[in-house]
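Take a look at the structure set out below.
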Amino acid sequence: MQGAGPGAFTYPRNAPQRLSVAGGAVVVAGPEGYCVDRPASRSAEASAFVLVASCAALTRQPNAPRPLAPALLTASVTGAVPAGTDLAGQAARMKAFFASGEGRAALARDGRAESIEIIQMYARDGAFLIHARDRSAGAAPALGPEYWRAIFEVNGRMVTASVAPFADRPISDDAGQVTLTLFVARIRAESAAPAAAAAAAGPQAAGQARPRPRPGGA
């Protein structure tokens, strides 16, 4: 068991509150009421994919926390980028890419540019955000066509966080944006502690690794 939550709920190992991925560079956690679907997630040294859903849905326990806006959340971690990269400063370039056929194809679940309708693209708080409608044929029937996505940097890794509502429980644009904002903030906050610990340990580790001078010698 991972630990006690609201209402004496204990988070099981297969549905924890957070998951460290990509060699510990990023810690993924969702807003309140969300848990990590650990069996559906995967992580390697250079990349990761994490599925996040309602704690109640994953655990099937009546006292488990539930999100205010139910949706399916995902976080993907890809290759290294310069730490501190502000994607908001690259908004014009990113808008041009995702408005192109190649960019829309990258956003579509079926890889077809014509399946995607871009509703809104904008930069905020160091992240690039996209609100899109995906009409991909053969896409997961449980999910609605709209989704909200943020692309941002965390500890030198590129992170893409997405919020996809269910077809039978659509959420408003405001709810989608708020959920995405909270998701991004939680990932950044959870990932800050390991980064700070690594930075603090760096000088100490370097000092321990430095060879001691031999008595009477160089």
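The values are calculated or read from the model by the stated rules, or taken from the named source; none is laboratory data. Not measured: the values here are computed from a predicted model. Here the Cβ is made from the backbone with ideal geometry for all residues, glycine too, and neighbour counts use every protein chain on show.
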For the structure I just gave you, tell me whether Ile116 is touching a Phe, Trp or Tyr at 6+ places or on another chain (Cβ under 8 Å) and in contact (Cβ under 8 Å) with a residue 12 or more places away in the chain. no
Scan the stretch 197-215 and give yes if some residue there is at pLDDT 95 or above, more than 21 Å from Tyr122 (Cβ to Cβ), surrounded by 13 or more Cβ atoms within 10 Å (Cβ to Cβ) and of a type outside the set (D, E, K, R), otherwise no. no
Taking Pro70 as the residue in question, decide whether it is touching a residue at least 24 places away in the same chain (Cβ under 8 Å) and surrounded by fewer than 14 Cβ atoms within 10 Å (Cβ to Cβ). no
Total residues in the stretch 91-123, condition crowded, with 17+ Cβ neighbours inside 10 Å and polar (S, T, N, Q): 1
Which one is farthest from Ala64 (Cα to Cα) among residues in the stretch 32-52 that are crowded, with 23+ Cβ neighbours inside 10 Å and within 12 Å of the chain's Cα centre (by Cα)? Ala48
Please tell me if Asp174 is over 16 Å from the mean Cα position of the chain (by Cα), at pLDDT 95 or above and surrounded by fewer than 17 Cβ atoms within 10 Å (Cβ to Cβ). yes
Sole exception among (1) without any contact (Cβ under 8 Å) to a residue 40 or more places away in the chain; (2) assigned to a strand (DSSP E or B); (3) touching a Lys or Arg at 6+ places or on another chain (Cβ under 8 Å) for Ala56, by number: (2)
Can you spot a residue in the stretch 23-31 that is surrounded by fewer than 18 Cβ atoms within 10 Å (Cβ to Cβ) and not hydrophobic (A, V, I, L, M, F, W, C)? yes
Assess whether Val21 counts as being touching a residue at least 24 places away in the same chain (Cβ under 8 Å) and in contact with a helix residue (DSSP H, G or I) (Cβ under 9 Å, 6 or more places away or on another chain). no
The stretch 75-94 residues that are within 15 Å of Ile187 (Cβ to Cβ), paired with ones that are assigned to a helix (DSSP H, G or I) and not charged (D, E, K, R) (beta carbon under 8 Å, 6 or more apart): Ala75/Phe183; Ala75/Ile187; Val77/Ala22; Leu87/Met94
For the stretch 119-168, the count of residues that are hydrophobic (A, V, I, L, M, F, W, C), in a loop (DSSP other than H, G, I, E, B) and in contact with a helix residue (DSSP H, G or I) (Cβ under 8 Å, 6 or more places away or on another chain) equals 1
(1) assigned to a loop (DSSP other than H, G, I, E, B); (2) of a type in the set (A, V, I, L, M, F, W, C); (3) farther than 22 Å from Ala150 by Cβ: which one isn't true of Ala46, the others all being true? (3)
